[in-house]
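The values are calculated or read from the model by the stated rules, or taken from the named source; none is laboratory data. Computed from a predicted structure; not experimentally measured. Quick reminder, even Gly has a Cβ in these numbers, built from the backbone with ideal geometry, and neighbours come from all protein chains shown.
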Amino acid sequence: MRLDKFLTETTDLSRSDAKKVVHRGDVTVDGEVVKNTASAVKDGMRVEWNGEHLELMGLRYLMLYKPANVECTSKPGLYERAHDLIDLPNVERLSIVGRLDVDTTGLVLMTDDGQWNHRVTSPKKACAKRYRVTLARPLEGDELARAVEDFDHGLMLDGEEKPTRPARLEMETATVGLLWITEGRYHQVKRMFAAIGNHVEALHREAIGDVELDPELEPGECRFLRPEEIASF
Ligand code: URA
């Protein structure tokens, strides 16, 4: 790989800034200053920029505990972005694996592995997502029994042509419950509860497939996924 490309892969430098630091003599390869940006970096060579050892990153897989008022978008907007919470080089290369609404909290996966992203989000894989839902109105008795049945059979949401896939609902109290869905339609959980005449006051994603939000993470914190979590999809 060319030296300037190696620098863009291992740091936040743009290609033109990478060329500048190389021309300036800030970069060494195996202890020697190299000023040729096209110079080849081969396996086992040690590249340093201002004394800092640079290493190529493999594919990255992270979980983030998304707080409220953080947006799952790559474009800067009104809110802080999920990417802004992650202190890693080339963070913009990470894609969000299934977005959450700005007011929804909980588990967000991020990766630069496009195939893995597809495996998690492809509708064909029907990967289950578990949400903790807080409702505005109590849902109990016959109304709860009807909701469980409706969710299990699938609901027609406003403006859609196909019913939702079977979803499982278990209420823990009259207003707090767990919902498992295997799709990711726009505002899906909120629209499902709106369709049965209720309103979601708070929404928190606890799990995607077998990957659970790490209880050690505080809102805004992230960690790399473990090999078994990556392999679970
Ligand atoms: N369903 C919603 O309505 N919002 C989310 O953020 C996720 C699922």
Exercise. Scanning segment 98-147 for residues that are outside any helix (DSSP H, G or I), within 16 Å of the ligand (Cβ to nearest atom) and of a type in the set (S, T, N, Q), which turns out farthest from residue 61 (Cα to Cα)?
Worked result: 134
Seminar exercise, completed: Flagged pairs (Cβ under 7 angstrom, 6 or more apart or on separate chains; first in segment 178-189, within 9 Å of the ligand (Cβ to nearest atom); second among the charged types (D, E, K, R) and in a loop (DSSP other than H, G, I, E, B)) are 187/101
For this session: Check whether at least one residue in segment 154-172 is away from the ligand (no atom under 13 Å from the Cβ), at pLDDT 95 or above, out of contact with any helix residue (DSSP H, G or I) (no Cβ under 9 Å at 6 or more places or on another chain) and among the hydrophobic types (A, V, I, L, M, F, W, C), and report yes or no.
Result: no
Seminar exercise, completed: In segment 60-77, anything under 28 Å from residue 114 (Cβ atoms) and loosely packed, with under 12 Cβ neighbours inside 10 Å is listed as 75, 76, 77
Problem set entry | residue 220, sole failed condition from (1) surrounded by 15 or more Cβ atoms within 10 Å (Cβ to Cβ); (2) closer than 30 Å to residue 147 by Cα | (2)
For this session: Those residues that are free of Cβ contacts under 8 Å to residues at least 60 places away in the same chain and within 15 Å of the ligand (Cβ to nearest atom), I need them from segment 190-213; list them, please.
Result: 191, 192, 194, 195, 196
Exercise. Could you list, in sequence order, the residues of segment 1-46 that are assigned to a helix (DSSP H, G or I), under 20 Å from residue 57 (Cα atoms), in contact with a Leu (Cβ under 9 Å, 6 or more places away or on another chain) and touching a residue at least 24 places away in the same chain (Cβ under 8 Å)?
Worked result: 4, 6, 7, 9, 10
For this session: Among the candidates 173, 164, single out the residue that is surrounded by 14 or more Cβ atoms within 10 Å (Cβ to Cβ), hydroxyl-bearing (Ser, Thr, Tyr), over 19 Å from the mean Cα position of the chain (by Cα) and assigned to a loop (DSSP other than H, G, I, E, B).
Result: 164
For this session: Answer yes or no: is there a residue in segment 78-94 that is at pLDDT 95 or above and in a strand (DSSP E or B).
Result: yes
